[in-house]
Every structure is written in structure tokens, then in C-alpha cells.
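Right, one structure below, let's go through it.
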Amino acid sequence: MSVVESKSNGTPKVGVYVCHCGINIAAKVDISEAVAFAKDLPYVTVAKDYKFMCSDPGQEIIQKDLRDGLIDRVVVASCSPLMHEPTFRRATAEGGGNPFLFQMANIREHVSWVTLDKVAGTEKAKALIAAAVERVVLHQPLEKTSVPVHPDVLVVGGGIAGIHAALTLADAGKKVYLVEREPTIGGHMAQFDKTFPTLDCSACILTPKMSAVRAHRNITLWTYSEVDAVDGFVGNFKVRVKRKPRYVDEEKCVGCLECIEACIFKKGKTDDEFNVGLVKRKPIYVPFPQATPLVAVIDPDSCVEFKTGKCPKSCAEACEPDAIDFNQKERIEEIEVGSIILATGFKTFDARRITRYGYGKYPGVYTSLEVERLVNAAGPTGGEIIMKNGEKPKAVGIVHCVGSRDEKTNRYCSRVCCMYSLKLAHLIKERTNAEVYNFYIDMRTPGKGYEEFYDKLLQENVHFIRGRVAEVSDWAMEPEEEGKLIIRAEDTLIGEVRRIPVDMVVLSVGLEAQPDADEVRRLFNISCSREGWFLERHPKLAPVSTFTEGVFLAGACQGPKDIPDSVAQAGAAAAEALALIDRGQVEMEPNTAYVTEELCAGCRTCSAICPYGAIVFDEEKDTASVNGALCKGCGTCVAACPSGALQQNLFTDEQIFREIKGVVSYV
Amino acid sequence: MSYIYYPGCSLKGTGRAYEESLLAVFKALEIHVEELNDWNCCGATSYMSVSELKAFALCARNFALAERQAHETGMTDLVVPCAACYLGLNKALRYLDEYPDIRRKIDEALATADLAYTNHIRIRHPLDVLVNDFDRDRIISRVKRSLAGLKVACYYGCQIVRPYADFDDQENPSSMNTLVRALGAETVDWPLKTRCCGGSLTGTVQDVGQRLSFILLREAIGRGADVIVTACPLCQFNLECYQNEMSRRFDAPVHIPVLYFTQLMGIALGVSDRQLALQRLFVPFKAGSKLQQTAGGQHVGS
Amino acid sequence: MSNTENSMSTFEPRIVAFFCNWCTYTAADLAGTARMSYAPNVRVVRIMCSGRLDPQFVLSAFREGADGVLIGGCHPGDCHYQEGNYKALRRFTLLKQFLRAMGIEEERVRLEWIAASEGDKVQRVINEMTEAVRALGPLHLEPMSTSTVERLIPEELKADAVAQGGTHE
């Protein structure tokens, strides 16, 4: 009996099924040639093709052959296993076969979609099919193990996406930890005045949700906190959260704000982060009056008591509930959750990077986020557009696409800027009756009510100039231009270069990934895309899951988007987490390592190598053994084992050697 | 510190004040330069527009010669003061690097003259050398005559910063400003420091070309500059030589001295007026009238 | 079909690639989704982690007839299983020395770190490697003559070696 026959308990019968995938594969791979080739491979009893193997009739073909006893192992040559391996394994199981006596040949993503020449594509497809057949004859029938899913959920980031996800999960009866880095939840949405296209007051629609989070008995809200470490795997994450000291006791503080009034600083000296540096704040502060939780926080970098130890501490004196605690320490919380939703949001593009727009050089040049604060009734100018020189502008230029659609900075479109630029144009005109000029490349208004909003602006006497702004500067050509900021742009609709003198320039800055996105993603073992956004599992069909099971994405951290899309995505992430929790179990891929004791020489090379501590050494037997529950299936120990005692299910040495033989020696 | 020096045609002709002052300044600072043997015209922008490949060949011949000279002397850097030469040579260098079939053709052409180029020469602008190799503090220590009280508008022009921003920022360069401040003078901050002067259009399409230079002059004067300094022979020519005509054409007087930055440096380093070719200026420059009394009461006049 | 048949026209190298599931294999899928076309000479064997790569796989690939071997893993620090790619790097470094001693040119084996979003890198690396191996020509591995084998085995082990024989399959 050959090795193959002894390993498969008899002669294996392999069925090969080649998919056309419509014309996706058939255009660049000669299907009938591939089928004919497969028929001649050793142990192949059936070779067929079908237009869409993953469809019901396609799967039925496999299942019928299994039921009829024509085959006991299945090879499907179609798309990537990352796409449909679970689909076909399930189909095999439902047809009565073992789902692991199955192998896919990727002849779409790796062949038909990337090869121009059909002859070359067909040869390559044949090689991959031969490799799959060679390999599958040595597959063993395996059983999947299940682990329970912890029902609690961690949501990282308390902006609108994180808030919505947390509320959805909490309403479904799940316990949610909402961890937010800033002293308050609300994110960027809390900074806006009105939201497009309805011009709803942002705070009015956001604060009820923020209160709901605070009040919900299923949500544990930890603000001014960060995730420090994540261990474990889907269904069973152990997370360490670092709670930074506010130096104010959250339980005792009643939010009266007397401490801030009493602070020895009569005027603030530190840049107020919430107001984007437009005003200064004191060392003891709340970010904004509706902050949630409404608890003061002391910034040790600017507080005199922390710097010198010699402050009269008038804040503590003024605090009736005695909530101020200069000795408060950082606290570590360790929690267990089954799923994690990342909703860490975005940052705006740093306009200083484009020097020709003069941000930071000319005081009349603002970013859109700064103007959001000016326009906000609760902002530093009470909702009036008053510039740094104390005056209202008579002419305002709004520059679209700053840091977006730009080869030198970010190539992508940030999706929200056209709409918010239109919104700001409207609000500025309303508050100041200034001449407003929007300089745009294209007007991108795809959402519901967005184009209509643009139409409305066109009626409001706002000037639209189609042309990318070349520069903002202060050199005057005519006397009327003296003392103004001159925006130069080519008006491409009339074919002329124009100079528009204005008092105020608003730079519509694009969205970027958070500056620490790369570190954060490592914490959660996910990837980032080229531009730095968290990477989704599939751009079309799986936009909220990641390649790490149990970790989901919501909101702008996955890519620039507006509030409706962020909320929708947060709901989707919550739904996927709920689906996981509801299943109660998660099946582990059985590609774990195992030890054949007789072959183990006791060298211990393996136990040192395993990053999960999954290999234990039995001193008495002088052999190693693998804890299947901890093994993640990387196979590093298998490669290290000098005697071949360690093997990996689904990736044994023999299986891989046969795959290599198949992939090289036939075609 | 020693460099091979590529003057280019302009610096031997109408731009000779640039060469004279540059060499005098280098001498004063003990920076050793050796002219490139048998150098040829680089083609600048004109030839590049007519036949790119031939222009690359002209440049490549200079590279090959420079490499040979580098091999003999150990100096690996080629100092190129003229902005057009600087840009043209840089462009050729990059194209030879990036396009193997251009490289092949150029290699063949060079071979017919028994020359070869193997990627071992660096093109440096004197501003780069003075600010980065020589450094500001050393320059300060050599200043014999502080230019305190003088307001200087540094004009970079376009060719040394676009499209290749080798040693300075493309839109907001500061190397010349650093140098000028090291001499004790004050620099005028103005947004037109890399705006085109009109190039050769001042001679051919005069209303366009002269207008561009006029805008620069008017702004510099309007911001209180006493003098404009440049790093390009054509910029210097455009800004200096049409001032009367521009004043008439645009009905606004524009009169201001325009010097090469090396001339200003030379004044501060105590080099004689004659060596700095100050007598070649159309608009005369008398530093003394602008300079302050120094703290010790010592009058630093001309 | 042997490689010598097409050595008269353009030689088409056969290259085996070992791609790790989480980064490189995914990137190759992305290249497919984005319809980036590249040379058809590379055939992928999927492993869960580049740390699974046993140097014997590389040797086996050459023995079966491959002209080149490409190994793809996650960037250092990004391994889905923490450190597997570091192990791969170490093994690869040693393997290269061994291959050199065997007379196999360095350009025939290549290790690349390719992240899940770097579909374009997959395209570039495959194209580059195909050309590099094409320039080297087909790999000719001569079987050792018996006398060479005899010379290499130390005296003490000769009797054992002759008695055992057999392959790993």
C-alpha cells in the first residue's frame, strides 16, 4: 500500500470542480482544458466545471457526487480561499463529506485576474490544480473545536460612531465598556455647530446620545482612559485599560465648575484643545459645558501645584464635595470581552504642510475646524464670525481640497469637505453677509439631500469658482488689494486666472488617520491600509470586520466618511458583534500543531519558540505536547522541529511537499 | 573643502560679476575650487526645449569630465552657481538615472569621445555649499563688516527650487536668508521670493516678461528692502537692467540695487569692491549709507 | 514538460512562492481584485505564517524543478502570530549560505516583506524576480556521482549510510 493509501484508509477519490465564475475566470483560463487535465491526475475520479460553483446549484453538484459515493475529497478551482473556503467546506460537510478533506486552487485572484495571456493563464491554473490534488489526498478528516464567546464588548473611542455602537449593544442587553482617550465623549461631532444637509444643531442631536451613554446601566464609561494591552483571541480577549488620573474624583465631582472659577490663573494660558487653540484654558478645566461625564480634569503640565508644589490650591478649597485629589494615581483595569469595536475616528490635515496657503503665517487664514468653533454659539466668539483682529470679514474665501486629492499630500478625496464647505459658506453668509467665494475642483454631494443643499447655496449669492487655489498671499497689485489676503486661482470655467481679495480664508482641510493609528492597530493585531486607515476585511462585502476575528471597525477610523455613514457603520459593527455573541460559540480553525510522541527527542526547541506558550514539556515522558486551546496555528514550531515529531494539521510537511511537487512538476 | 567648479557660459559673459564675486568669496573663506577642464555649455533651457536627448548629451559630457577630474583630485562635488545650469544638469542626472534607454544612448554617445559616466558626481549649488557644508557660524566668525541696518530681499527665482527641491524647501526656501542674516543684515519676508522674473521673455514678449519683474521690484521696494539679492544671472539681469523702462511702462518708479548674493557676502567679508565686480552694476550700491553705527561707536561706512 | 524544451525561445522560469496567509497572500488577492497584471511564472503555496517555512520546502522546490523560490511574509513587527517572520528571516539567512555552497545563485531565492495592502508590491516583486531568474537561465541540479557521495561521507558513518538509504516520503 502506498503512503497515500495508508494515510487515507483506502484509495482516495478526488473530485475536481473548476469554476467559470461567469467570465471572470473563463476569460483567461481555458476551462475545458483545465478539466481534461484534472481528469488525468492521480486519484481523480470526477472532474467537472460549472459557471458559478459557489451558487446553490454549483454546490449541489459537489454534494451529489459525495452522496453517490463517487468522491470522498473535494478540490474546487475558483476564487481565493479567503473568499469561499468556508462556503465550500460547509457544502462538503452538508453533502456528507468531511469539510477538511477539501482544498481550493486560487485560479481567479491569482491567475485569471492577473494574467494577460490565456495560454499562460491556463498553464498556471493547471499547475495550481495539480498542487491542490496532490495535497488533498493526504488531508485528514478533522473536527473543529469550539470556544465560548464572552458576551461583553469593548468599544474603543467615544465619538458618534463609538457612542452609537455602544448604545446599540447596550440596548440589546450586552455589557459594554466604552473607553475614550479624551476627558469627555463626543469626538469631533461635539465641535461642530450645524450638521449638513439639514443644518441640525450638532450638540442638540449628539448630547441626548451622550447622556444616554452615561445613564445606561449596561455601559461602563471610562473616559480619560486608553487601552494598554490586548491578549487572547476572538470570544476571549483580555484587555488592560489604563485610566489616567484626572486628579478629580469622578464619583464625588458634581460638575458645578466652581474649581475652575477659583483657580489662581485668572486667565487661561494653555491652548484649549476643544477650541482648536483659538482660546486658552486654565490648568483645571472641562472641555466644554456638555462634557460627559461633567467632571473637571487637571492638566499636570500647566498646573502650578504639580510644577512647584506651592499652590494655595484654591480649586480644592472651592470644591464643596471635596472631589479634588492631587494624589490620584493612574489605575489599571483588566477586563474580559468577547469582541472589540474600534471607533477611534480621524484627525484633520495639518494645513501648515501646504505653505503656499499661508496657514500659520497670515492671521486671517483659518482651518475649517477653527471656523466650526467660531460659528458655534458656544464657541470662543459666541457664534459671531470675528477674526483675530477683532473684526468681521467682508469677504471670505473657502478653499476646498486642502490636503486631499493632492499628489503631494493625500491622493484620496476626504468625502465630507465639499459638504461642510457649503455649510460654512451658508453660515458665514448668514452671520456676516460677507461676499463668500468657494474655490472647488469638483462639487461632491452624493448623499441624501446633499445636491439639493448645493442648489440652495447657488441661490444664496455665494460665488463658486472652479479652480484649485494656487496661493494665498498678501501682495497687492491694485490699491483695493492693500491689506487684504489675495487668493489666486485659475477659474477654469472662464479660462482666466483670477485674484480675489478677501479678509478671511477658510482652508477646508481633509481627513487623515489618527497620528498613532499604526501603534493602535498593532495593539489589536489588525492592519492599516496605505493611507493609514484601519484595514477592513473586504472593501465591498466586509467593511466593518477585520482580518482579526472579533475585532470590528466603525466610523472614520476605517476611512473618511460623514455622520450618517459613521452611524450606519457603527450599527453594522454592533450587529456583527451581536451575531458573534448570539452564536455563543466560535469555531476554531483546526490547523493546530500536534506532537507524535515516539518521534520526539526532547530537545525543547519548540517550547522556546511558541509565542503563545502553547507547548508544554512533560518532564517525565521527556516529550513535548501542544495545548490545542492555546495554539494559534502558525506552524513556526513545526518548521523548527528537527525530528519531524511536530506537525501542523492541514499543513503537514508531507502535504506541503506534495503541494510543491504538484505546483512545479506537472506543468 | 574643495570642489570642482562649473561656471557655465553666462558666468563668463554677462554674468561675470557672479563668477568674480563667487570666486572672491570662496577665496576669502578658504574654499578651494578648481574649474572643470574643457567644460562645455549645458544647453540650459533653450537646448532642452529643442532636443532633450542632445541636451542630455551635452550635460553628460560635463559629468564624464567631472568624474575624470574627480578621480584625479578626489573632489566629488561639482559646484554650479548658474540657476539654469543647475537645473539642466540636475534634470539630466535624474533622467540618466531613471530611464535606462536614454542612459544607453548617452553612454554610446560618450563612448565615441572615449568618455564614460558612472554615477559618481554630485551637483551642488553654492548656497547649499555655504549653508550646509561651510555653515552659518563659521561665516559669522569671518564677517569683517556687519551689514546690520541693511534690509535685504532674498530672491531665489524658480530654477533652483523647482521642480527639484534638493537642498531647500520648494515653496518657502530659506538658505539665502540664513546666509544674509549671518552677515548681520535683516531679511525682508515676502511671498514672491520664488515667483518667476519673466526669464527670457523680458527680451521677447516684453509686456509679459517685464511685468513679472516689475511686480517683484515693486513688492520688494514696498516692503522696505534696500537691496535685492539673487542667485541667477538672468534674474539679476531682468531685475536690474530694465528699471527705467519698467518705471515708464507701468507708470510707477522702481529703482533698487540688485546684487548677486555673493557680492553682498563679499562686502561683509571685507573683500574689495573691485574684486566683487561692484562696478559692473547698473544700479549702484553703496552699502555704507544704510549700515548702522555699531555698538562701539565704530562707524562702519563705505 | 522540461525547461530545456523552451530554452531555444524565451526561457519561462518556474518559481514557487510561499506566501503567508495574513499579509502576502492577502496582498496577492488584492493585486487580483485590482486587476494588476504580472508575469505568470510564480505559483503560490499558501502557509499560515512565514514561520512555517521549513528550509526543506525550498530545497524540495528546487529538486522538483523550480528555478526560483520566493518567500513572502509580514513586515517585521507585524506578524499575525507575533514573531514567526523573524524566525523565517533567520532560517532564510542560513539557508542562503547553504544554497551558495551548493552552487545555487543568490537571485534564485528571495525573501520579501509584503503587507496586506501592498498589492502593487506583489506585482513588482513577481515581475522583478521573474526577470532576474530568467536572466540566470534554468537551474541545473546535477545528481552527485557515487564517488562524490563516498568522498563526502565520513568513514565512521559509511556503513550506516549505505544500510539506511530511503527518502523522507
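Below are the figures for this structure:
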{"quantity": "Around residue A:444: net Lys/Arg minus Asp/Glu count, Cβ-Cβ under 12 Å", "calculated": "-1"}
{"quantity": "Complex-versus-alone comparison for the range C:21-42, residues with a loss of 30 Å² or more in accessible area, probe 1.4 Å", "calculated": "C:22, C:25, C:26, C:29, C:32, C:33, C:35, C:37, C:38, C:40"}
{"quantity": "The protein assembly as shown shape via C-alpha gyration tensor axes, a/c threshold 1.5", "calculated": "oblate"}
{"quantity": "Accessible area expressed per residue, the protein assembly as shown, with surrounding protein chains retained (probe 1.4 Å, Å²)", "calculated": "43"}
{"quantity": "Distant-in-sequence amide H partners of residue C:44 (H built 1.01 Å from N, under 5 Å)", "calculated": "C:17"}
{"quantity": "Members of the range B:169-184 that become less accessible by 40 Å² or more once partner protein chains are added (1.4 angstrom probe, chain alone as reference)", "calculated": "B:171"}
{"quantity": "Karplus-derived 3J(HN,Hα), 6.51/-1.76/1.60, for each residue of the range A:46-58, Hz, glycine and proline x", "calculated": "9, 9, 9, 9, 7, 4, 9, 4, 6, 6, 4, x, x"}
{"quantity": "Once the Cα gyration tensor of chain B is diagonalised, semi-axes √(5λ) in Å", "calculated": "34, 24, 15"}
{"quantity": "Cut-off under 5 Å, modelled amide H: who pairs with residue A:187 long-range", "calculated": "none"}
{"quantity": "CD proxy at 222 nm, helix term only [per DSSP H run n ≥ 4: -39500 (n - 2.57); per residue of chain A; nearest 500]", "calculated": "-8000 deg cm²/dmol"}
{"quantity": "Shielding by partners - mean other protein chain Cβ count within 10 Å, residues of A:107-120", "calculated": "5"}
{"quantity": "For residue B:283, residues with placed amide H under 5 Å, excluding near neighbours", "calculated": "B:258"}
{"quantity": "Solvent accessible area, Å² - residue C:25, 1.4 Å probe, full protein context", "calculated": "10"}
{"quantity": "Average beta-carbon neighbours from other chains, 10 Å sphere, peptide A:527-540", "calculated": "3"}
{"quantity": "Accessible surface, 1.4 Å probe, highest first, among residues A:124, A:244", "calculated": "A:244, A:124"}
{"quantity": "The protein assembly as shown: antiparallel DSSP beta bridges as a percent of all, rounded to 5", "calculated": "40"}
{"quantity": "Integer Hz, Karplus 6.51/-1.76/1.60 couplings in order for the range A:555-572, x for Gly and Pro", "calculated": "x, 5, 5, 8, x, x, 7, 8, 5, x, 5, 5, 5, 4, 5, 5, x, 5"}
{"quantity": "Chain A: antiparallel DSSP beta bridges as a percent of all, rounded to 5", "calculated": "50"}
{"quantity": "The range B:144-295: relative contact order in percent, alpha carbon pairs under 8 Å with at least 6 residues between", "calculated": "28"}
{"quantity": "Other protein chain Cβ atoms within 10 Å, averaged over every residue that makes up A:469-482", "calculated": "2"}
{"quantity": "Per-residue HN-Hα couplings for the range A:226-243 [Karplus 6.51, -1.76, 1.60; θ = phi - 60°; Hz; x = Gly/Pro]", "calculated": "9, 6, 9, 8, 10, 10, x, 8, 3, x, 9, 8, 10, 10, 9, 10, 9, 9"}
{"quantity": "Mean separation of Cα contacts under 8 Å (6+ apart) over length of chain A, as relative contact order %", "calculated": "13"}
{"quantity": "Solvent-accessible area buried by A and B, counting both chains, probe 1.4 angstrom, square angstrom", "calculated": "1000"}
{"quantity": "Protection proxy ranking, peptides A:652-658, A:357-363, average beta carbon neighbours within 10 Å, highest first", "calculated": "A:652-658, A:357-363"}
{"quantity": "Sequence of B:200, B:175 from largest to smallest accessible area, 1.4 Å probe", "calculated": "B:200, B:175"}
{"quantity": "Once the Cα gyration tensor of chain A is diagonalised, semi-axes √(5λ) in Å", "calculated": "57, 35, 20"}
{"quantity": "Shielded residues, the range A:621-664 - accessible-area loss of 30 Å² or more between chain alone and all protein chains, probe 1.4 Å", "calculated": "A:634, A:636, A:639, A:651, A:653, A:656, A:657, A:659, A:660, A:661, A:663, A:664"}
{"quantity": "12 Å Cα-Cα reach of residue A:244 towards aspartates and glutamates, excluding residues that sit fewer than 8 places from it in its own chain", "calculated": "A:180, A:182, A:226, A:228, A:299, A:330, A:333"}
{"quantity": "Which of A:567, A:497 is most accessible, then next, and so on - probe 1.4 Å", "calculated": "A:497, A:567"}
{"quantity": "Antiparallel %, DSSP beta bridges [both residues in the range C:13-138], to 5", "calculated": "5"}
{"quantity": "Loop trypsin sites (Lys or Arg not before Pro), the range A:185-288, which have at most 15 other Cβ atoms in a 10 Å radius of their Cβ (DSSP)", "calculated": "A:217, A:252, A:266, A:267, A:269"}
{"quantity": "Under 9 Å, Cβ to Cβ, from residue B:125 - net charge with Lys/Arg +1 and Asp/Glu -1", "calculated": "-2"}
{"quantity": "Size of the A/C contact, given as accessible area buried on both chains, probe 1.4 Å, in Å²", "calculated": "4700"}
{"quantity": "Neighbourhood charge, 12 Å Cβ-Cβ cut-off, centred on residue B:268 and excluding it, Lys, Arg +1 and Asp, Glu -1", "calculated": "+4"}
{"quantity": "Relative contact order, percent, the range A:76-176 [alpha-carbon distance under 8 Å, six or more residues apart]", "calculated": "24"}
{"quantity": "Residue A:83 accessible area, 1.4 Å probe, all protein chains in place, Å² to nearest 10", "calculated": "70"}
{"quantity": "The protein assembly as shown - percent of accessible surface contributed by carbon and sulfur, probe 1.4 Å", "calculated": "51"}
{"quantity": "Between the range A:501-551 and the range B:91-114, the Cα center-to-center distance that results, in Å", "calculated": "43"}
{"quantity": "Between helix B:52-73 and chain B: long-axis angle, C-alpha atoms, 0 to 90°, nearest 10", "calculated": "90"}
{"quantity": "Choice from B:250, B:237, B:285 showing the highest fluctuation, given a GNM over chain B with Cα pairs closer than 10 Å", "calculated": "B:250"}
{"quantity": "With DNA, RNA and ligands ignored, accessible area of residue B:232 (1.4 Å probe; Å², nearest 10)", "calculated": "10"}
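The values are calculated or read from the model by the stated rules, or taken from the named source; none is laboratory data. This structure is a prediction, so every number in the text was calculated from the model and none was measured. Here the Cβ is made from the backbone with ideal geometry for all residues, glycine too, and neighbour counts use every protein chain on show. Just so you know, the surface numbers come from the protein's heavy atoms only, side chains and all, with ligands and any DNA or RNA stripped out. Shrake-Rupley method; radii C 1.70, N 1.55, O 1.52, S 1.80 Å.
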